[in-house]
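Note sheet for the following structure.
Nothing in this text is a laboratory measurement; each read-out follows from the coordinates by a stated rule. Quick caveat: nothing in here was measured; it's all calculated off a predicted structure. When we count neighbours, we look across all protein chains shown, and the Cβ atoms used for this are built from the backbone with ideal geometry, even at glycine.
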Amino acid sequence: MRRPQKPGRLRQLLTRRAVLLAGAQLGVITVLGVQMRRIAVEQNQSFRLLAEENRVNIRLIPPVRGLIFDRVGEPIAYNEPNYKIEMVREQAGDPEAVLRKLATIVPITEEDIAEALETMRARRAFVPVTVAQDLDWAHIAAVSANAPALPGVNPELGHYRIYPQGQNFAHILGYVGPVSDYDLRQTDDDDPLLLIPRFQIGKNGVEKRIERPLRGKAGVKRIEVNSIGRVMRTLGREEPQTGAEVQLTVDHRLQRFTLDRLGDQSASVVVMDVRNGDVLTLASAPSFDPNKFVRGISVPDWKALNENKYKPMLNKAVTGTYPPGSTFKMITALAALEGGFVTPRTSFRCGGFLEVKDRRFHCWSRGGHGRVSLKKSLKESCDVYYYEVAQEVGIENISAMARRFGLGVAHDLSLPAVRSGLAPTKAWKAQARDADWVVGDTLNAAIGQGFVLASPLQLAVMTARMATGTSISPRLVNAIDNRPQPVRGREPIDVDPENLGLIRDAMFAVVNERGGTAGASRLRTRGAEMSGKTGTSQVRYITREERERGVFRNEDLPWERRDHALFVAFAPADNPRYAISVVVEHGGGGSRAAAPIARDVMDEVLRLSPTMNYQAPRQKISSRQSGGGSAG
Amino acid sequence: MSYLEQNIRTVPTGLSKMLYFNWPIALLLTAVAATGFLMLYSVAGGDMDRWAEPQIIRFVMGFGLMTFMAFIPISFWREISGIAYVVGIGLLLAVPYLGVSRGGAQRWLDLGFITLQPSELMKIGVVMALAFYYDWLDEKRVSRLFWVLLPIVLILLPTFMVLQQPDLGTALLILIGGAVVMFVAGVSWWYFAAAILSVTLLVSAVFYTKGTDMQLLKDYQYKRIETFIDPSSDPLGSGYHITQSKIALGSGGMTGRGFMQGTQQRLNFLPEKHTDFIFTTLGEEFGFVGGVTLLVLYSLILLFCFASALTNRDRFGALLTIGVGATFFFYFAVNMSMVMGLAPVVGVPLPLVSYGGSAMLVLMVAFGLVQSAHIHRPR
């Protein structure tokens, strides 16, 4: 053995340092104990809750989407059950053998089997994989009866959205589709349902704008899971809440008639009830079949829709904005009357053009209209009259009047992309175009050309307001879950009723008097007359050269450069109930291309009128509304 | 002082050495290991075969090894200290060439009957070498610069080798084990102050230059350091471990959910639940009381180590005992701090409780040395 250490300086040092070390260690141990106490005792409640959440997983049960009906109770969007069969690999034992057995009961092909096996291999063993869908109830029953022989096989219920009216309601309803990453970035909606893969949400139209009520509320299934998500057992279940039932103001018969009437023209029609703003028809042609979108549109179909020069995907009735042309003259006329710039007897001479500041502003009639008063200016749609008047009235008055009649302002309709058009002002031009307003701008605006833009919806609203003298606003949704949606704008517009009467008289003359521009489009309905106004809006600038050569016949021009044809009207003339606007893109003259459509649609409106009252939804839908769906 | 026999002046021989065993330490080690068996049984969902049984077998073997080592005179261990250190370094050198990789790190040597982790052995190797060095070193030289730099090299050499594997936890334990021996051996405070100061300066230099032209590390290295220090910045990586482990610990409350009643472990929310994070199971099932009980057991082991060291007039034995105790202390302190969110996640097991062969055997070997020093202390 070595010598025992002498008790020396180092020995003392060792003892001292060892005690210091022990003290430090004791300190650390105390800290550990205190932290242990803090976590386990003081924060116990919150951690216990978190632990519970860890253990209990909430699975969402998707709700059934709400149904949509038209005003007479016809279903226009509903859900069809999609019976499908899911399989869980780890419960199936030998998946291939089970699938072969399944194939004897249910129509599945070799390819389906191969695909299902492929998918199951790629997923975790406990994830349910859809092996067959679009099945009959009989198949489901057969599978249920054979359940013992088919381990891991579960019949499940999903839903397809169906639009029975097809293309007639494509623009109004829009369509549903699986939620995308883009959708999630766009929305601040925090509904957990959106996180379910391929959950169907409204992508357009009413389906998009009334998405939240239509969607319903998710049910929940509380299940105990382990960390990799395998279900251990179900703890409880709360049923989902079916989405709200929505009733629109549109009449499906009129909508169908209008779209049929428009055929394959690129055109749109809006019909409104002037008393309450109900939109009876909102047609945009050509249209498309929204059902194709629900199940995933094929690439050629999608290409065809996108490349069509008539732009079928666009809802032209609210999104298309056009120079309103002569349909805007009522606004200019009213502004002049209200401002005291003209009286009904004031008249100007039309010689086919007016020279202002060395520039010629042409009337559509090259020979001129002679002496023109207010009534004649509307009836024969003289442009020179408005050139003369506009110089007095000024653009600010005209645009202010336009906005009172719903032009240049956005209407709150339950549709996406409702455009506000434009009622231009000097300030607007200074800001948007960085240019000064010139008198020529006023002259062009006075006849609805130049900067003025309006959508068919706005033109219908304008006409309804002319017909009633109230600032009625359009509405598309009558009720959500039987809660009626408000009628807005019943209060009168602050315009002299006498002046409005003068305008209405002139509009009556347009259709019903000799020489009126729409004389060929009187209503055929016995005992009813329509008051209206034609419009033809240029989409190009006619050069002096063209004018001299006389080449401005529309038929000689390529489609894209032809004039837009417009017509607005209300009927019956003596007791207005319905207002209509028609815009035929590049259709040529308003009297020839647009007025006859308005006439036909208005005749149909009057024919259907007695049967257009609201009716409770007809629940003739075969769809099982039980929420016994899959848990996603 | 021996609690059995205080008046024996001669060193015991033969089987009578059993009487002079440091029984409190042996019993406390057994108690801690038994806690581990219970937890491993529970974590496996009531399955003995999976982890508990192999662990019991290892402990029995380890206990045998400890006894065997205890019977060999401490003078022998002192004589082979240098050799042990050199062999340890050699094994570490061999790892990159002969080692087997597991989980992205190369730490193991397959010796046929056992896969050995030389870095684990090195923890004892460094403590032994330093204890030997300071036992040999003349009193007057302890704080001389040259004689201080020598042990620093002895410590840093294996530390950096282990860091290369990479195994931050073990490298840290080697470093601290060595530093503690130097501290207790009486190296002047100034050296420790200087070391702490220079490390602080280096760390601040690294962080202050961040984002400037002179930054010392690459951007991704900063990123790694940040996640290491603040795991919540990476909630699915190491942050996930900490959150889940705090949830499990916190849901235990004062007395826990009861044996085998923990939900978090059973449902697999925590990875490494049977190794580095086993303390969470104890916390969940036995609560604050269970956790503190284990802490007390550990503290008692330390206490008896200190008691043994301070009554040992053999400088080598005393330094070795304190060094082993300190290494043991840092094992559980680092592990518990990590599990309770006080320290970043470094792979350090809970000594004698976590499942794993190398660490347990090495600890039992270390306590074998402590026992030997205790039995053969000069009287």
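Taken along its three principal axes, the alpha carbon spread of region A:227-335 comes to 76, 40, 29 Å, from the longest extent down to the shortest. Look at the alpha carbon pairs under 8 Å that are at least 6 residues apart: their mean separation over the length of chain A gives a relative contact order of 16 percent. Cβ crowding within 10 Å, taken as a proxy for footprinting-reagent exposure, orders B:Thr212, A:Thr425 from fewest neighbours to most as B:Thr212, A:Thr425.
Rg to Rh ratio, the protein assembly as shown, alpha-carbon atoms and Kirkwood radius?
1.23
Restricting the trypsin sites (Lys or Arg not before Pro) of region A:366-413 to loop positions (DSSP other than H, G, I, E, B) with no more than 16 neighbouring Cβ atoms within 10 Å leaves A:Arg366.
Rounded to the nearest 500 deg cm²/dmol, what is the calculated helix-only ellipticity per residue at 222 nm for chain B, with -39500 (n - 2.57) per DSSP H run of length n ≥ 4? Walk me through the numbers before you get to the answer.
Numbers: 14 runs with 245 residues, N = 379.
Mean residue ellipticity, 222 nm, calculated: -22000 deg cm²/dmol.
Each other residue within a Cβ distance under 12 Å of A:Asn478 adds +1 if Lys or Arg and -1 if Asp or Glu, for a net charge of -3. The lysines within cross-link reach of A:Lys203, meaning a Cα-to-Cα straight distance under 27 Å and a gap of 8 or more places when in the same chain, are A:Lys84, A:Lys217, A:Lys292, A:Lys303, A:Lys309, A:Lys311, A:Lys316, A:Lys620. Entry for region A:391-515 at q = 0.19 Å⁻¹: log10 I(q)/I(0) = -1.15, Debye formula applied to identical alpha-carbon scatterers, no solvent contribution. Relative to the dominant Cα principal axis of chain A, helix A:329-338 is inclined by about 70°. The angle between the Cα long axis of helix A:252-262 and the main principal axis of chain A comes to about 60°, on a 0 to 90 degree scale. For the residues of B:309-318, the average number of beta carbons from a partner chain within 10 Å of their own beta carbon is 4. Tell me whether region B:332-379 comes out rounded, prolate or oblate; compute the Cα gyration tensor, take square roots of the eigenvalues as a ≥ b ≥ c, and use a/c under 1.5 as the rounded threshold. Note, shape of region B:332-379 comes out prolate. What is the distance in Å between the Cα centroid of region A:326-377 and that of region A:470-516? Between the Cα centre of region A:326-377 and that of region A:470-516, the gap is 25 Å.
Hand me the trypsin sites (Lys or Arg not before Pro) from region A:145-213 located in a DSSP loop with no more than 15 other Cβ atoms within 10 Å, in residue order please. Answer in residue order: A:Arg198. Shown for A:Glu96, A:Glu86: other C-beta atoms within 10 Å of each C-beta, ranked fewest to most, produce the order A:Glu96, A:Glu86. Separation of region A:68-131 from region A:243-300 is 34 Å, based on Cα centroids. In chain A, helical runs assigned H by DSSP with n ≥ 4 each contribute -39500 (n - 2.57); averaged across all residues and rounded to the nearest 500, the mean residue ellipticity at 222 nm is -10000 deg cm²/dmol. Kindly point out which whole DSSP H helices in chain B project their C-alpha atoms 20 angstrom or further along the helix axis while averaging a Kyte-Doolittle hydropathy of -1.0 or above. Helices meeting the criterion: B:23-43, B:53-71, B:81-98, B:118-136, B:145-163, B:168-185, B:189-208, B:278-310, B:315-339, B:357-375.
In terms of the Cα gyration tensor, with a ≥ b ≥ c the square roots of its eigenvalues, is region A:466-533 rounded because a/c is under 1.5, prolate because a/b exceeds b/c, or oblate? It is oblate, given that a/c is not under 1.5 and a/b is not larger than b/c. Here chain B is scanned for chymotrypsin sites (Phe, Trp or Tyr not before Pro) in DSSP loops (not H, G, I, E, B) that have at most 11 other Cβ atoms within 10 Å, and the longest stretch holding none of them is B:114-379. Kirkwood hydrodynamic radius computed over chain B comes to 22.0 Å, based on all pairs of distinct alpha carbons.
Taking a sphere under 15 Å around the Cβ of B:Met66 and counting the other residues whose Cβ falls inside, with K and R at +1 and D and E at -1, yields a net charge of +2. Counting other Cβ atoms within 10 Å as a rough exposure proxy, the listed residues B:Lys218, B:Lys123 run B:Lys218, B:Lys123 from fewest neighbours to most. Using only the Cα atoms of region B:246-379, build the gyration tensor, take square roots of its eigenvalues as a ≥ b ≥ c, and label the shape rounded, prolate or oblate: rounded if a/c is under 1.5, else prolate if a/b is larger than b/c, else oblate. Judged from the Cα gyration tensor, region B:246-379 comes out prolate (a/c at least 1.5, a/b above b/c). Angle of helix A:595-608 to the longest C-alpha principal axis of chain A, folded into 0 to 90 degrees and rounded to 10: 70°.
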